[in-house]
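These notes are about the structure you will find just below.
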Amino acid sequence: AGVHRQVLFATVGWFAGYYLLKRMEYVHAKLDRDLFEYVRHHPEDFKPAEKRRIGELLDDFYPVR
């Protein structure tokens, strides 16, 4: 393939990647906005968790021999 095709395909790939990246960022930002809005309007569903010690979070360790 000629150099002109390689430059063309690289340019097309760059623009396609740029568009897809911007689209992905837009979709995720919209989803985040909707989720944060839901959390803001329904605080009773998202109560802060009580603090627990690290020993309560981990299972007991029993070595296997």
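The values are calculated or read from the model by the stated rules, or taken from the named source; none is laboratory data. Note that the structure is a prediction, hence the values are computed from the model and not measured. Please note: Cβ atoms are built from the backbone with ideal geometry, for glycine as well, and neighbour counts cover all protein chains shown. We work out accessible area using only protein heavy atoms, side chains counted, and drop any ligands, DNA or RNA first. Shrake-Rupley method; radii C 1.70, N 1.55, O 1.52, S 1.80 Å.
Pairing each residue of the stretch 1-19 that is part of a helix (DSSP H, G or I) with any residue that is at pLDDT below 95 and open to solvent by 100 Å² or more (accessible area, probe 1.4 Å), provided the two are 6+ apart or on different chains, yields no C-beta distance under 6 Å. Please work out which one of (1) modelled with pLDDT under 95; (2) open to solvent by 100 Å² or more (accessible area, probe 1.4 Å) is the condition P43 fails and give its number. Result: P43 passes all but (2).
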